[in-house]
1. Kindly indicate the residue of the range 72-84 that is modelled with pLDDT of 95 or more and either open to solvent by 10 Å² or more (accessible area, probe 1.4 Å) or assigned to a loop (DSSP other than H, G, I, E, B) (or both) and also nearest to Ala122 (Cα to Cα) among those meeting that condition.
2. With respect to Thr59, is the statement that it is assigned to a loop (DSSP other than H, G, I, E, B), open to solvent by 20 Å² or more (accessible area, probe 1.4 Å) and in contact (Cβ under 8 Å) with a residue 40 or more places away in the chain true?
3. Determine which member of the set Ala238, Ala270 is over 20 Å from the mean Cα position of the chain (by Cα) and without any contact (Cβ under 8 Å) to a residue 24 or more places away in the chain.
4. With the range 88-173 as the region, which helices (runs of 4 or more DSSP H) entirely inside it contain at least 3 residues that are open to solvent by 30 Å² or more (accessible area, probe 1.4 Å) and more than 27 Å from Glu195 (Cα to Cα)?
5. Quick check on Val298: is it closer than 11 Å to Leu65 by Cβ, at pLDDT 95 or above, open to solvent by less than 10 Å² (accessible area, probe 1.4 Å) and part of a strand (DSSP E or B)?
6. Check every one of the helices (runs of 4 or more DSSP H) wholly within the range 182-284 and list those with 2 or more residues that are under 21 Å from Phe116 (Cα atoms), at pLDDT below 95 and out of contact with any Pro (no Cβ under 8 Å at 6 or more places or on another chain).
7. Just to be sure, is Thr49 among the polar types (S, T, N, Q), within 20 Å of Ile310 (Cα to Cα) and at pLDDT 95 or above?
Amino acid sequence: HGSFSRKDLTRIFSRVVTVGAHATSEARANRSSRVFPATAPECDAPWVTEVNALAEFITRSKRLLVITGAGCSTESNVPDYRSPKGAYSTGFKPMTHQDFTKSEANQKRYWARSFFGWRRFAEQTAPNDAHRAVAALQEEKKIYRLITQNVDRLHQAGGSVPDSVLELHGTAHEVVCVRCEHVSPRPAFQKLLAELNPEIAKRAYADVSLDDTGEASVPKTLKTRPDGDVEVDGEIVANFVVPKCKACGGGPLKPKVVFFGDSVPVETHARATEASQQCDAVLIIGSSVSTFSAFRLVRDAAARNVPVAILTKGETRADDLAQLKVEKLAGETLPLVLRAARRMEMYGY
């Protein structure tokens, strides 16, 4: 389809049935010294055939749609939901939109947990090489559209122009009023929460300490979740004060994220649909595309015979639609793919 002929696809994807026998020199040299955050899944280093197949997939496309997920941020010390180390493995159930709007007690519980986790999330996470490589691919016009399911804004922090990132499930960096839809920045809201809950704020910030490397850490008793919140005890929740909306005096106020059970905003849905309809290839990075809002974009593109490639560890909902799948870490693999893509464009191999 598009810039891909049947011969092109056969040549690219015939190599991925059996993984190649040689690792890249960088991966081979560092195989024994690879160090990743505990949030990253265990994974072998990428092989040269995998790197080259992904690079050729990218360079063959003229309108590449990239869809990223939690696996793009696990190397940034952000936990995910569905991996063997993810939140679901501990029995955690995220708050749904229906639960949040149902009661003030649930809203207190959410914001208390989020308040405790925000500073840790801010100080202990940073863009990794996956985010930087994606930004470089965008700058070099190798990506037509970038859609992320993540709410952490690490793509923007890693160099992607903010307007070039479509946040399919919203962002934790903004707060929205459910009643009047007024949007405010999360940093200002965090300060307001601290002012309204001074004693709790003292404990929250005391629970965040700097380790020997200068990174923030929280006690092991506080379990951090994928969206940056942590588990806190019932007394804190009961006494936590959540403000009303400054614009309308009502609320409730919620993070500008698409909760489980919520719907993707109409404008975002339309922009994502257009990207799926106009692309000539789809690359999934760090995602199982388990949510229908993301999977439908891949499904609909594949229905037009658009080729699909996947770079993520573990099973995905789109496995049967993909011509190429590489089960490696995004942050370790994408810089090598970027280098290979540049080589192919400059030297033709």
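1. Within the range 72-84, the match that is nearest to Ala122 (Cα to Cα) is Ser73.
2. Values: assigned to a loop (DSSP other than H, G, I, E, B): no; open to solvent by 20 Å² or more (accessible area, probe 1.4 Å): yes; in contact (Cβ under 8 Å) with a residue 40 or more places away in the chain: yes.
It is false that Thr59 is assigned to a loop (DSSP other than H, G, I, E, B), open to solvent by 20 Å² or more (accessible area, probe 1.4 Å) and in contact (Cβ under 8 Å) with a residue 40 or more places away in the chain.
3. Checking each option against the conditions leaves just Ala270.
4. On the way: elements: 97-102, 104-124, 129-139, 154-157.
Of the helices (runs of 4 or more DSSP H) lying wholly inside the range 88-173, those with at least 3 residues that are open to solvent by 30 Å² or more (accessible area, probe 1.4 Å) and more than 27 Å from Glu195 (Cα to Cα) span 129-139.
5. Numbers: closer than 11 Å to Leu65 by Cβ: yes; at pLDDT 95 or above: yes; open to solvent by less than 10 Å² (accessible area, probe 1.4 Å): yes; part of a strand (DSSP E or B): no.
Here the answer is no, as Val298 does not meet what is asked.
6. Working: elements: 186-196, 198-206, 234-239, 266-278.
Hits in the range 182-284: 198-206, 234-239.
7. Yes.
The values are calculated or read from the model by the stated rules, or taken from the named source; none is laboratory data. Quick caveat, the model's predicted, so the values are computed rather than measured. Methodologically, a virtual Cβ is constructed for each residue, glycine included, from the backbone with ideal geometry; neighbour enumeration extends over all protein chains shown. When the accessible area is computed, the model is the full protein with side chains, heavy atoms only, and any ligands, DNA or RNA have been set aside. Shrake-Rupley method; radii C 1.70, N 1.55, O 1.52, S 1.80 Å.
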